Structures are given as C-alpha cells and as structure tokens.
Amino acid sequence: MMQGRATTTNSLLFAHHAGGELPCFRVSGSEEVFIDGLGEQGLGKVMVIKVAINGYGTIGKRVADAVDAQDDMEIVGVTKTRPSFGCDLAVRKGYPLYCTFDEKEKIAAFAKAGYTCHGGLTDLLGVADVVVDCSPGKVGAANKSAYVDAGVKFIFQGGEKHDMVGMSYTSSANHEANLNADGTRVVSCNTTGLSRTLVPLYERCGSLKVECTMIRRAADPGDSKKGPINAIKPVLKVPSHHGPDVMTVKPEIDINSMAVAVPTTLMHCHSIVAFLPEGHGLTTASVLELWAEHPRIIIMNGGETNITTTAEVMEYARDIGRKWGDLHEIFVWEDGVKLDGNTLYYFQAIHQESDVIPENIDAIRALMGTESDWRVSVAKTDKAIFAYNGL
Ligand code: NAD
C-alpha cells in the first residue's frame, strides 16, 4: 500500500529504508516520500511510475493500455495533435487528454469539439516521470529537446534513428545496458522480431552470422495512404536497415538484411538463414526447444494446425481473444525450421502493430531502474497484460 505519492515530480530517487533500497519520490522541492508497504513479497507496491504517451496512434494507444495493465506504472496523460476519433478512445479509457503542442489555439480546439484537454505537451511532461514518444517515424526527433528540457526520461520508437537517441532496446538483448539511462529507442517491429529469435541462438552458440529477408506488410490496417496495393516493392537500399539495427542492441550478431514490401496489411514475414559456428551442438529439435524456453515466441506446426499463412496466424490471435487481434509474440512455423549442418533456415511472422508493445513496458522499468532482470520484467509485463485483457 502506498504511503505517499508525488503529484508534480519528475525525479525518482532511491534511498536506504528498512535495511534495503526502496524507491522514494522527491515531491515539489526536496521532501522525499517513501513508498512502502507489505505485499506478497514483503515489499508490496513500491512505486508507481508516471507515464506520458506523446502520440496516441497505432502504437501509442496500445502502449497506453499495456501501461494501464501494470501495477507499477500509470498513465498520466496521452496527446493528440487535434480533436479526432482517437480522442474518444482516450476519454473512454479515462486517460487525461493533452494536446501535442503548447499553442493556446491548438489546445482550445479540443474544447470546441467537446473534449476536455488538460493542456499542452509541456503541461503533460510536468507531471510525468517518463514519456513514450509514439509520434510518426522521423517526427519524434523534434520532440527530444522538450523531453530533455523537462527533465523526463524518454522512449522513442523504431521510426527514429539510433544515433539521435544514443541507446536502443529490446528486452532480451540489452535490458541491463539500458538500466537508469536517460532515454532509449525501442527498435522497430522487424528488429524486435529478429532479436527475439536470434539473441537466444547467439547466446547458445557464442557467435552468429545471419542473412535475412524481410517480407514487409505494405501498410497497417488503419492506414489509407500507404502502399503498394498491387506490386512487390524491393527496398533499394542494401542492406536494409533491419539487420544493422539488430546490431544496435546486440552488436555481436553479424547480420545483413534485404527487404521487400508486399500488398498485405496483416503481418511481416521473415525468411532467415543463420550460420552457426562449428561445434554448435544443436539440432533442429534443440533449436525449437531453445526458442520454446524463451518468452514471447510461439511455435506451431503449420501442417498440423493448418496455420500456414499470416492470415491464419491473425485469425488465431483473434480466436484466442487478443485485443485488437494483436499478437505480441513472434510466430515461428515449426515445419519451416531446418538446421542443415551449420546452416539454420527458418520463417517467422511478426505482428507489426503489437510485438513492440510489451518491450516498451520493460524499457520503462529499465530506464527507471526498477527491475534489473529482464526475465522478471518480461514475466511481470506479460502476466499483467493477460490479466488486464481477461486472458
Ligand atoms: P501513427 O501514425 O499510427 O500514430 C502516430 C501518432 O502521433 C498519431 O496520433 C499522430 O497524430 C501523432 N503525432 C503526429 N505528430 C506528432 C508530433 N509532432 N508529436 C507527437 N505526436 C504526433 O504511427 P504509429 O504506427 O503508431 O508509429 C509510431 C512509431 O512507432 C513510429 O516511430 C513507427 O515507426 C513506430 N512503429 C510502428 C509500427 C507499426 O506497425 N505501426 C511498429 C513498430 C514501430
């Protein structure tokens, strides 16, 4: 049970208390309030991290609900650029609505459309510990100075450049390196997917070289402006950014990628060839076992289940009650995996709108320094999301 709660703070401190390290808030000035209590593990709920979402779109609305599901963090506000249908969802969820901008006229436009707007971005940052920037790709960079000026921690998404942020993140690859950092970038959906299956392989084998092709969805289901709608569009930048991006979270993996966009909205599909080192000791079966031991990977046999395309994977996600039809896990077809000598071939499917969502939650804990063990954070994140969605 919480004994005290900061309302205006951005600064989260740690102090010695009752023989251990417990977090405490510095409240408007210098007063420190211990958040203490006795729960199942003896400490109970020790901290509630205040999270702002800047950009309540495809990723933003999903991250907001994933935050809302956790008992150690809460949404203090979400932003919209202007009154639009997304505001209704925020209102229904009870998330305080803010304007992405500070201009008075832009804020006033919300009231004219019947929404209560609590202020501009600066107001929101004033009540947050961490902001998750979910603005469209390449747009977020312009927001960084506002976060730095406000003294809040920040998480960008994969549409931003690693160099702009200076850190990147996936839960299994480099949670520890991100502990207490000022800001990070949760890598793209494709890079997150590659990291999920390649990092365990790298850690088992000690070295790994990879060539892969991203067969990318043309647009998200909610997009009306992107394509192609009747073509296969190769990414004429070789290698594509995906492989090198994996190296921002696991530089030890030697990986190149190519990419093509195809006319589908459902999922991405990866065709991966991994070269294992001599003496790796693995078999096709033990590679599958290795992945099965790792979180956020689903392995199913296409022939046996009749889940042979991304359409059926998505139907499966809907059948098992996943909100918005999301699939946070990477889907690996068991019968599409083959280890031939030192060369491993496999396919995996990535639900682009959702695989990065739980990663954002773990990244919040990493930046705030509240959980140093990535596996503990992942388990906590996923359990809370399942419970929140009644699964
Ligand atoms: P989106 O277009 O669905 O949502 C972006 C939201 O940000 C919209 O509500 C938009 O109004 C708002 N916005 C516009 N300008 C803004 C600004 N200056 N500051 C703050 N917000 C602003 O985009 P998305 O698909 O949610 O993508 C968000 C980020 O996540 C991008 O970096 C993208 O590359 C990355 N990402 C997207 C996917 C995906 O499949 N959609 C997957 C992984 C990562």
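With springs only between Cα atoms under 10 Å, which of Ile59, Ile364, Ile229 fluctuates most in a Gaussian network model of the chain?
Maximum among the listed residues: Ile229.
For the chain, which longest stretch is free of loop sites, where a loop site is one of the trypsin sites (Lys or Arg not before Pro) that DSSP puts outside H, G, I, E and B and that has at most 12 other Cβ atoms within 10 Å?
Answer from the scan: 238-391.
Using a cut-off of under 15 Å, list every residue of the stretch 125-150 whose amide N is near the label point 7 Å from the Cα of Thr81 along the Cα-to-beta-carbon line.
Once the point is set 7 Å along Cα→Cβ of Thr81, 134-143 turn out to lie under 15 Å by backbone N, inside the stretch 125-150.
Helix-only mean residue ellipticity at 222 nm, the chain, DSSP H runs n ≥ 4 weighted -39,500 (n - 2.57), per residue, nearest 500. What is it?
-9000 deg cm²/dmol
Let me test this: with uniform point scatterers at the alpha carbons of the chain, what is the Debye-based log₁₀ I(q)/I(0) at q = 0.08, 0.10, 0.12 1/Å?
-0.43, -0.67, -0.96
For the chain, set up a Gaussian network in which alpha carbons nearer than 10 Å are linked by springs, and say which option among Cys269, Cys205, Cys87 fluctuates the most.
Comparing Cys269, Cys205, Cys87 in a Gaussian network model of the chain, the most mobile one is Cys205.
Whats the longest run of the chain with zero GluC sites (Glu not before Pro) that are DSSP loop and have at most 13 other Cβ atoms within 10 Å?
No qualifying site falls inside 104-251, the longest such stretch.
Using a 10 angstrom cutoff on alpha carbons, build the Gaussian network for the chain and name the most mobile of Ala181, Ala142, Ala90.
Looking only at Ala181, Ala142, Ala90, the biggest GNM fluctuation is shown by Ala142.
Leaving out ligands and nucleic acids, and using a 1.4 Å probe, what accessible area per residue does the chain come to in Å²?
44 Å²
Which residue, chosen from Met214, Ser135, Tyr147, occupies the Cα position most advanced towards the positive end of the dipole of the stretch 86-237, where the dipole is computed from +1 (Lys, Arg) and -1 (Asp, Glu) charges on Cβ about the Cα centre?
Checked the options; the winner is Met214.
Would you please state the base-10 log of I(q)/I(0) at q = 0.21 1/Å for the stretch 115-186, with intensities from the Debye formula using one equal scatterer on every alpha carbon?
Summing over Cα pairs of the stretch 115-186 leads to -0.90.
Rounded if a/c is under 1.5, else prolate if a/b beats b/c, else oblate: with a ≥ b ≥ c from the C-alpha gyration tensor eigenvalues square-rooted, which is the stretch 260-391?
The shape class here is oblate.
Can you tell me how much longer the chain between Asp149 and Arg318 gets when fully stretched, taken as 0.36 nm per residue apart minus their C-alpha distance, in nm with one decimal?
Roughly 56.6 nm would be gained on extension.
May I ask you to compute the full-extension gain from Val376 to Asn306, defined as 0.36 nm times their residue separation minus their alpha-carbon distance, rounded to one decimal in nm?
Gain on stretching Val376 to Asn306: 21.8 nm.
Taking 7 Å along the Cα-to-C-beta vector as the label spot, tell me the Glu203-Lys237 distance in nanometres, rounded to one decimal.
Distance between label points: 3.1 nm.
From the Cα gyration tensor of the stretch 206-310, with a ≥ b ≥ c the square roots of its eigenvalues, which class applies: rounded if a/c is under 1.5, or else prolate if a/b is larger than b/c, or else oblate?
Oblate, since a/c reaches 1.5 and b/c is not below a/b.
If the chain between Glu103 and Lys338 were fully stretched, how many nm would it gain, using 0.36 nm times the residue separation less the Cα-Cα distance?
Gain in length upon complete extension: 78.9 nm.
In Å and from the alpha-carbon atoms only, list the Rg and Dmax of the stretch 70-193.
15.3, 46
What is the percent carbon and sulfur in the accessible area of the stretch 61-208, measuring with a 1.4 Å probe over the protein chains and ignoring ligands?
Within the stretch 61-208, the accessible surface is 51 percent carbon and sulfur.
Distance between the C-alpha centers of the stretch 259-317 and the stretch 134-178? Whole Å please.
Distance between centres, Cα-based: 28 Å.
How big is the charge dipole of the chain about its Cα centre, in debye rounded to the nearest 20, if each Lys and Arg gets +1 on its Cβ and each Asp and Glu gets -1 on its Cβ?
For the chain, the charge dipole is close to 1260 debye.
In the structure displayed, which of Lys209/Lys380; Lys138/Lys225; Lys144/Lys323; Lys153/Lys380; Lys161/Lys383; Lys226/Lys338 lie more than 25 Å apart, Cα to Cα?
Lys209/Lys380; Lys144/Lys323; Lys161/Lys383; Lys226/Lys338
Counting only protein heavy atoms, what percent of the accessible surface of the stretch 249-347 is carbon or sulfur at a 1.4 Å probe?
It is 52 percent, rounded to a whole number.
The values are calculated or read from the model by the stated rules, or taken from the named source; none is laboratory data. Everything numeric here is computed off the predicted structure, so don't read it as measured data. Cβ coordinates were reconstructed from backbone atoms using ideal geometry, including for glycine residues, and neighbour counts include every protein chain displayed. The accessibility values were calculated without ligands, DNA or RNA, using every heavy atom of the protein model including side chains. Shrake-Rupley method; radii C 1.70, N 1.55, O 1.52, S 1.80 Å.
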